[in-house]
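Structure first, commentary second.
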Amino acid sequence: MSSIAYAALWVFISTLPWEAVVSVGGFATISRATGALALGIALLAVATTGRFRRLHRFHIAALLFMLWAGLELLILFNRPELPNKFWKYVQLCFVLWMVWELAPSWRRQVGLLTAYLLGAYVAVFNTLLLYRREAGALRRFTAENTDPNDLAMTLALALPMAWYLGMTHRRPLIRWLCRAYVPLGILAIALTGSRGGLITTIVALMIVPLTMDRLTAGRLLTAVVLLAGAGGLAVAYVPDKIVERFSTTRSEVEEGDLGNRARLWLAGYHAFERRPVTGYGTSSFVSAVRHELGLRSNVAHNTYLSVLVEQGIVGLTLYLMMFVAVYRSVLRLPKLERRFALTLLVTLMVAILPLTWEDRKPVWFILAALLGLSQAWVPARGRMARQLGPARMRPTFHPRGDGRLEPAHHPTPAATPSHDS
């Protein structure tokens, strides 16, 4: 039953990058349907075994954040109905639990990362098909029913995954699929015309120089070819209008305009000053800044500011505690895996700067997956230590794609002290 539940979770994760492509009435029906199915099977599997994994402090922070988002509305603001955003938080907590409960091994966590990457391919091809049909009619290109900035960030988050899995996955076909995503993903991100996506992509590609010392000569050549291919595709297919848009990125940052977001962020800061501790309540950012911006106000376009205005310092502290818990956890990973995890974490934190993504599934999934990787590594290493004995085990290990650990150096027998001397 656990394997069936994990398979359902795998399918759900694979829909996250393209969940908006299939929607009814503005709702992402594909991810909702697969998520509900995965949750139902997961609950059945756990009820059958009667065993639960002990929650990590990361999950405690997420639960406290979710409870604060609801209780402050009921107690402090006396609102009879909770907004949809709160119920999204509840659903996201279930996503965290499923990733934790159903993927306790390294192999399963790697499988979930692969599922996200394969799902990103769907969004990439959908974007490329639109470009092929409407190359002369549109200024920006994106998969159906998706926002260009959201799509660019979603695809950029898959770049560190593609690079790492392309280096380490044990199946050659999966390795080459992951490697091929790098040029195709960069091209699709460029076609969205998202300047925030461009900056996030640059951050994501820091995984390349950070892992160069771990590449063999053959893989180093492959890396150079992939990056050269990405550059060639961008030069050949990205329209001049998008290139001109990207050229304004530096001036936007230097002038502090940032796509007309500066005034919105300033209004959010003023709203925070008026109610710093508790905020205005979930889904209240628009009403909090309306007296300063009028009806022109929209979402915060900054996840941290959105949480700060809506949940106050208390809510933002709980939200950031999730990131801190993941950061501290991944520090225990080996060198290559630690660099990958930290790059992906930083990419995520940069990606949500210009977006209101505190209630988006990719954010919570990536945090859950990074935590799962770090926790899956420690038990595996501990089992090897118990088998070899503490004096016989070398300190450096390398994870294989199938979830098992492979010593970087063969263990050597420890010298046994003589009791005759």
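Take the conditions (1) in contact (Cβ under 8 Å) with a residue 60 or more places away in the chain; (2) out of contact with any Leu (no Cβ under 9 Å at 6 or more places or on another chain); Tyr237 misses just one of them, which is (2). Only one entry of Leu316, Leu293 meets the criterion of being in the same structural domain as Asn149 (by TED's automatic domain parsing) and farther than 22 Å from Met153 by Cβ, and that entry is Leu293. Can you say whether Leu102 is farther than 19 Å from Phe365 by Cβ and crowded, with 16+ Cβ neighbours inside 10 Å, as far as the supplied structure shows? No, not satisfied. Val363 satisfies every condition listed in (1) surrounded by fewer than 20 Cβ atoms within 10 Å (Cβ to Cβ); (2) within 19 Å of Trp97 (Cα to Cα) except (1). The combined condition, being surrounded by 21 or more Cβ atoms within 10 Å (Cβ to Cβ) and in contact with a Phe, Trp or Tyr (Cβ under 6 Å, 6 or more places away or on another chain), is not fulfilled by Gly70. Is it true that some residue in the range 328-341 is of a type in the set (Val, Ile, Thr) and out of contact with any Leu (no Cβ under 6 Å at 6 or more places or on another chain)? The answer is no, given that none of the residues of the range 328-341 is of a type in the set (Val, Ile, Thr) and out of contact with any Leu (no Cβ under 6 Å at 6 or more places or on another chain). Residue check: is Ala69 under 30 Å from Thr278 (Cβ atoms), of a type outside the set (Lys, Arg), in contact (Cβ under 8 Å) with a residue 60 or more places away in the chain and in contact with a Cys (Cβ under 8 Å, 6 or more places away or on another chain)? No; evaluated as a whole, the condition is false for this residue.
Residues checked against (1) over 19 Å from the mean Cα position of the chain (by Cα); (2) in a helix (DSSP H, G or I); (3) not hydrophobic (A, V, I, L, M, F, W, C):
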{"residue": "Leu55", "(1), (2), (3)": "yes, no, no"}
{"residue": "Leu64", "(1), (2), (3)": "yes, yes, no"}
{"residue": "Ala69", "(1), (2), (3)": "yes, yes, no"}
{"residue": "Leu74", "(1), (2), (3)": "yes, yes, no"}
{"residue": "Glu81", "(1), (2), (3)": "yes, no, yes"}
{"residue": "Phe86", "(1), (2), (3)": "yes, yes, no"}
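You will find that of Ala20, Ala38, the residue that is in contact with a strand residue (DSSP E or B) (Cβ under 7 Å, 6 or more places away or on another chain) and either touching a residue at least 60 places away in the same chain (Cβ under 8 Å) or assigned to a helix (DSSP H, G or I) (or both) is Ala20 and no other. Note on the range 42-65: residues that are at pLDDT 95 or above and over 23 Å from Leu373 (Cβ atoms) total 1.
Condition first: outside any loop (DSSP other than H, G, I, E, B) and either acidic (Asp, Glu) or at pLDDT below 80 (or both). Can you find one or more residues in the range 309-316 that meet it? Yes, there is a match, as at least one residue in the range 309-316 is outside any loop (DSSP other than H, G, I, E, B) and either acidic (Asp, Glu) or at pLDDT below 80 (or both).
Assessment of the range 146-167 against the conditions (of a type outside the set (S, T, N, Q) and over 21 Å from the mean Cα position of the chain (by Cα)) yields no matching residue. Criterion applied to Ala61, Ala38 was being buried (at least 17 other Cβ atoms within 10 Å of the Cβ), closer than 29 Å to Pro160 by Cβ and outside the structural domain of Thr146 (by TED's automatic domain parsing), and the one residue passing it is Ala38. For Ser283, the test of being within 27 Å of Lys361 (Cβ to Cβ), assigned by TED's automatic domain parsing to the domain that holds Leu348 and in contact with a Ser or Thr (Cβ under 8 Å, 6 or more places away or on another chain) is failed. Within the range 333-350, being modelled with pLDDT under 95, in a helix (DSSP H, G or I) and not basic (Lys, Arg) holds for Leu336, Glu337.
The values are calculated or read from the model by the stated rules, or taken from the named source; none is laboratory data. Keep in mind that this is a model prediction, so the values were computed, not measured. Ideal geometry is used to build each Cβ from the backbone, glycine not excepted, and the neighbour counts take in all protein chains shown.
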